[in-house]
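The values are calculated or read from the model by the stated rules, or taken from the named source; none is laboratory data. Given the structure is predicted, the values throughout are model-derived calculations rather than measurements. Cβ: placed from backbone, ideal geometry, glycine included. Neighbour counts: every protein chain shown. The accessibility values were calculated without ligands, DNA or RNA, using every heavy atom of the protein model including side chains. Shrake-Rupley method; radii C 1.70, N 1.55, O 1.52, S 1.80 Å.
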Amino acid sequence: MAAAAVAIGACDEQLTGGIACPALCPGPALTMRDTTLFAVVLDTSIAGFPALGGEGRFYIASLGDTLETAAAIRYDSLPKFFRGFNSPDDSTINVIDTGSYVELEILARDTLALPTTIELYDIEIDSVGDEDPTTVAAAFTPDRLLSSRTVPADSLRGTVRIPIDPNFLLSKILVVGVLNRVRLGVKVAQTGNPRMTMLTDNSVGGATIVFRPSLDTLVPIIRVFPLSRRPAEAVIARELADYQVVIKGPPEPPPFVLRVGGLPSRRTYLRFDIPPAILDSSNVVRATLILTQRPNPAAPEPTDTVSMGHFGVVAGAAVTDLSRALGFLQRLANRDTINMVAADSGDRTFEMIDWVRLWRGTKPEKTPRAIAFATTLEGEIPRLADFFSTEEVDASVRPRLRLTYLPRVGGPLP
């Protein structure tokens with residue numbers, strides 16, 4: 001009876017219900033709370049993914065004012081000798097038989113489309129291209145056109161051969177010194193089907209020059225594979241054996257716009273600051289990022305679907321260069337992607353509860369609370385999506401984070 005009297009007295013003291021004496025007088029049930037925050041404190045979009053020369057496929061298109069792209073292939077070492085049929089000695093190359101060609105590996109597209117005209121250019125610009133590989137975009141001019149071939153849609157797949165002048169090849173082979181090389185550009189004409197996808201040196205060997213170094217048909221043919229010896233850094237030179245060239249791209253996005261995708265492809269970086277009272281002192285059960293898409297009807301292929309997903313930026317705080325930090329991405333098991341088209345507008349939502357829960361056990365000064373957005377076919381298609389950033393004057397279209405959470409019950413026992 002004495003214990004019961006003490007318990008009744010404790011409940012009459014108006015202590016904080018459920019925390020001061022949880023065993024004797026439980027408080028009211030806690031309810032979920034929902035709030036929307038402007039939690040993004042830094043956002044930007046950066047181009048250059050994949051890195052120049054790191055592409056697995058080349059998207060080659062001539063879409064007028066919207067987009068014009070090509071591929072650059074380097075052959076920085078040409079053979080000067082060949083081994084004759086049943087001959088133990090090498091012979092000097094002083095003639096090339098007719099029938100030389102460049103062999104491309106093409107991915108099949110619409111077999112019912114129009115024929116595609118593939119063009120081959122001489123894009124050698126001496127040492128200028130060694131210092132800045134992107135300058136070869138200016139070399140795709142009519143006077144540098146070497147050859148072309150129109151390929152029916154049902155034949156635009158697998159191995160495709162584009163003829164190359166044997167005299168042009170021989171003139172390059174006979175050069176002594178560093179200019180004993182060939183640098184070719186591959187482009188498609190705007191007429192007919194103005195686009196194709198080509199495999200690169202990073203996938204199946206890239207484009208190959210094939211020729212016979214003799215008029216004797218018994219002499220084996222020679223195959224020359226892509227090779228770059230410039231710049232002096234071997235790792236960089238190796239990557240530049242072939243690379244994507246953007247001759248004409250869409251306009252740069254305005255300063256207040258975040259772009260994902262396109263060519264050259266962009267990634268978007270967002271860093272968050274979530275109040276500790278929510279992140280560290282509650283149980284977050286749902287976290288939804290809301291981005292407002294900005295319509296871009298002038299984008300390449302504006303009505304075709306592009307898939308976009310988000311990743312965690314796992315680079316440490318020591319990596320202050322955001323372009324480098326965007327190279328360190330990780331995706332959790334929850335693969336949240338969304339499909340959209342560039343010409344559309346409206347709110348797009350992304351569930352990111354896994355990252356919010358992960359950040360709860362980290363220190364922001366060691367692990368930045370950041371995510372990145374990228375397209376699923378990054379660098380392989382020109383499609384893109386634009387979004388309003390935190391710099392937008394209209395607050396209703398800025399990035400927002402909607403959180404659903406349960407305040408955590410805590411406190412000492414009486």
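Observations on the structure shown:
- For the residues 32, 308, 196, a GNM of the chain with alpha-carbon springs under 10 Å puts the largest fluctuation on 32.
- Solvent-accessible surface of segment 301-414, taken per residue with a 1.4 Å probe and all protein chains present: 49 Å².
- Accessible surface, per residue, of segment 80-190 when the full set of protein chains is kept, probe 1.4 Å, Å²: 51 Å²
- Each Cα pair under 8 Å and six or more residues apart adds its separation to the average, and for segment 84-185 the resulting relative contact order is 40 percent.
- Across the chain, C-alpha contacts under 8 Å between residues 6 or more apart give a mean separation that, scaled by the residue count, equals a relative contact order of 25 percent.
- Computed E for residue 147/residue 298 - FRET, C-beta separation, R0 30 angstrom, nearest 0.05: 0.35
- In the chain, helical runs assigned H by DSSP with n ≥ 4 each contribute -39500 (n - 2.57); averaged across all residues and rounded to the nearest 500, the mean residue ellipticity at 222 nm is -2500 deg cm²/dmol.
- Working note: Karplus 6.51/-1.76/1.60 with θ = phi - 60° gives segment 154-170 the couplings 6, 9, 7, 7, x, 7, 10, 9, 10, x, 9, 5, x, 5, 5, 4, 4 Hz, where Gly and Pro are set to x.
- Solvent-accessible area assigned to carbon and sulfur over the chain amounts to 55 percent, based on a 1.4 Å probe.
- Estimated FRET transfer efficiency when R0 is 45 angstrom, pair residue 354-residue 94 (beta carbons, to 0.05): 0.10
- Less than 5 angstrom separates the built amide H of residue 286 from those of 404, all sequence-distant by 5 or more or on a different chain.
- Test item: Cα-centred dipole of segment 86-131, Lys/Arg +1 and Asp/Glu -1 on Cβ, debye: 380 debye
- Rotationally averaged projected area of the chain (alpha carbon convex hull; nm²): 29.3 nm²
- Of all aspartates and glutamates in the structure, those lying under 16 Å Cα to Cα from residue 187, and not within fewer than 8 positions of it along the same chain, are 65, 68, 103, 105, 119, 122, 124, 143, 242, 380.
- A Förster radius of 51 Å, combined with the Cβ-Cβ distance separating residue 66 from residue 87, puts the computed FRET efficiency at roughly 0.40.
- Peptides 87-100, 65-78, 135-148, 342-355 ordered by average Cβ neighbours within 10 Å, highest first: 65-78, 342-355, 135-148, 87-100
- In Hz, Karplus ³J(HN,Hα) per residue of segment 224-235 (6.51, -1.76, 1.60; θ = phi - 60°; x = Gly, Pro): 10, 9, x, 7, 10, 10, 9, x, 5, 5, 4, 5
- Karplus 3J(HN,Hα) series, Hz, for segment 41-50 with 6.51 cos²θ - 1.76 cosθ + 1.60 (x for Gly, Pro): 9, 8, 9, 6, 10, 10, 8, x, 10, x
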